[in-house]
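**Q** Let me give you the structure first, and then I'll get to my questions.
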There are 2 protein chains.
Amino acid sequence: MDGRSARKRQAIMDAATKLFLANGYQGTSMDEIAALAEVSKQTVYKNFADKRQLFAEIVLKAASRADEFIRAIPQVLADAPDVEAGLRTLARRYLAAVMQPALLQLRRLVVSEAGRFPDLARDYYKLAPDHVMATLAIQFDELSKKGMLDIDNPAAAASQYAFLVLGLPLDRAMFLGAEHGLTPAAMNQHADAAVGVFLAAHQPL
Amino acid sequence: MDGRSARKRQAIMDAATKLFLANGYQGTSMDEIAALAEVSKQTVYKNFADKRQLFAEIVLKAASRADEFIRAIPQVLADAPDVEAGLRTLARRYLAAVMQPALLQLRRLVVSEAGRFPDLARDYYKLAPDHVMATLAIQFDELSKKGMLDIDNPAAAASQYAFLVLGLPLDRAMFLGAEHGLTPAAMNQHADAAVGVFLAAHQPL
């Protein structure tokens, strides 16, 4: 794909994202997407078979944004002076990654369209939240084998960590949107407290 | 309101709930609601000023379903032989209450319409999740004052408890719907493990 085609394709995805977030899947037409992207409707259909495919590509691209955080997990833990420091850094980064306004809006959109697109919602769940937790579970298991954590069930421990860190802020964001009322400082404090609870349960004696 | 009027009003709310859940707010018309409820459009408008008001009443009625659980919280804790048993019973009831399929669907609908109806989403959040956590915080504070828990920040402890118990199952249900894959037995096991983590952090030495 040449540069001009790639730019057009990106413009279509940006326009579609904006419209889907504002008006939902059903409330958005391919005509509107073409108009906002300043391309012909023909160009839209040359790039995307239909609205459904365009929506799926946007959602899966958003899910792939979890990859950066997932790749960082082992390194963050390895670079920290001790387990507690590693878990704290990780918790803050996890929260910062998930609480990006554009990602929160997309998450809400995926949830709201999950009835219409169950396979897409499932793919998103597997690629993003589930993949993060599976990666955490592997790391926690390794730390446990080295005697640095005390964990019987790594998958359960990973979900405890995830929801201690993310549960409240994410739930507030889903209902209250940008008015979730958590400053970056409050989120860091929340992340530290979450790690405190997790370690109380899983620190070796 | 006589019995016949009350029945008609309920039929309208039931029909509207069904249609909103299936087709979203924008995808539902007052005409369709009247048809499904088997009443005239005039009757719909005699009961509800507009679609917006009808939607708001449905959401706030769903939020009020949290009241039953909220009222039970002090009693469940008081009736238990010890704190651990009380927190376990409470966790199982909390999870069972939140994981009701009809409530999950409505929760997803409130989240998806939060952009269009921010005040309504905020009211729902205050009346349901936030009210439950505030009630838990009061109880945890009392238990802490009696020396039965060790808690500095009751609000933070309440949210830790809430998301240890609910976080994973609720997130799975939001993305995967009825296919969330958690049997009642798995949910009970999850609730017990959540209480274990919570107590590791907050049990008095």
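Every number here is computed from the coordinates shown, using simple stated rules; none is lab data. What you are looking at is a predicted structure, and each value in this text was computed from that prediction instead of being measured. Neighbour counts are summed over all protein chains in view; Cβ atoms, including those assigned to glycine, are modelled from backbone coordinates with ideal geometry.
**Q** Place a +1 charge on the Cβ of each Lys and Arg in chain B and a -1 charge on the Cβ of each Asp and Glu, then give the dipole magnitude about the Cα centre in debye, rounded to the nearest 20.
**A** Numbers: 23 positive and 23 negative charges, 148 e Å.
Roughly 700 debye, rounded to the nearest 20.
**Q** Mind checking B:154-162 for the average number of partner chain beta-carbons within 10 Å of each residue's beta-carbon?
**A** Numbers: counts 0, 1, 7, 2, 1, 9, 11, 1, 4.
Going residue by residue through B:154-162 and averaging, the value is 4.
**Q** Output the direction-averaged projected area (hull surface divided by four) of the convex hull of the alpha-carbon atoms of region A:18-109, in nm².
**A** Numbers: hull surface 28.0 nm².
In nm², the orientation-averaged hull projection of region A:18-109 is 7.0.
**Q** Shortest first, in nm, what separates the label point of B:Asp67 from those of the same position in the other copies (7 Å along Cα→Cβ)?
**A** Counterpart label points of B:Asp67 in the remaining copies fall at 5.1 nm.
**Q** Also: Which Rg and Dmax, in Å, describe the Cα atoms of the protein assembly as shown?
**A** Radius of gyration, then largest Cα-Cα span, for the protein assembly as shown: 23.1, 71 Å.
**Q** Ordered by packing density, taken as the mean number of other Cβ atoms within 10 Å over each peptide's residues, highest first, how do A:40-53, A:163-176 rank?
**A** Most protected by this proxy first, the peptides run A:163-176, A:40-53.
**Q** While we're on this one: Tell me, how many Å apart are the Cα centres for region A:110-144 and for region B:175-192?
**A** Computed from Cα coordinates, the inter-centre distance equals 15 Å.
**Q** Follow-up question, since we're still on this one. I need the Debye-formula profile for region B:145-205: one equal scatterer per C-alpha, no solvent, reported as log10 I(q)/I(0) at q = 0.22, 0.27 1/Å, two decimals.
**A** Per q value, in the given order, log10 I(q)/I(0) is -0.87, -1.10.
**Q** For label points placed 7 Å from Cα toward Cβ, what is the shortest-first list of nm distances from A:Gly27 to its copies?
**A** Distances between equivalent label points, in nm: 1.4.
**Q** Between chains B and A there is a rotation axis; tell me the chain B residue with the nearest beta carbon and how many whole Å away it sits.
**A** B:Ser112, 1
**Q** Rounded to two decimals, what is the ratio between the C-alpha radius of gyration of region A:3-55 and 2.2 N^0.38 Å?
**A** Against the empirical 2.2 N^0.38 Å value, I get 0.99 for region A:3-55.
**Q** For B:Lys41, go through the lysines and keep the ones whose alpha-carbon is under 18 Å away, minus same-chain ones fewer than eight residues off.
**A** Once the sequence-local lysines are set aside, what remains near B:Lys41 is B:Lys8, B:Lys18, B:Lys51.
**Q** Could you pull the copy-to-copy label distances for A:Asp14, with points set 7 Å along Cα to Cβ, in nm to one decimal and sorted shortest first?
**A** A:Asp14 label point versus its equivalents elsewhere: 5.1 nm.
**Q** Starting from 0 in steps of 5 Å, tell me what percent of the Cα-Cα pairs of chain B lands in each bin.
**A** All Cα pairs, binned at 5 Å, distribute as 1, 7, 14, 17, 15, 13, 11, 8, 6, 4, 2, 1, 0, 0 percent.
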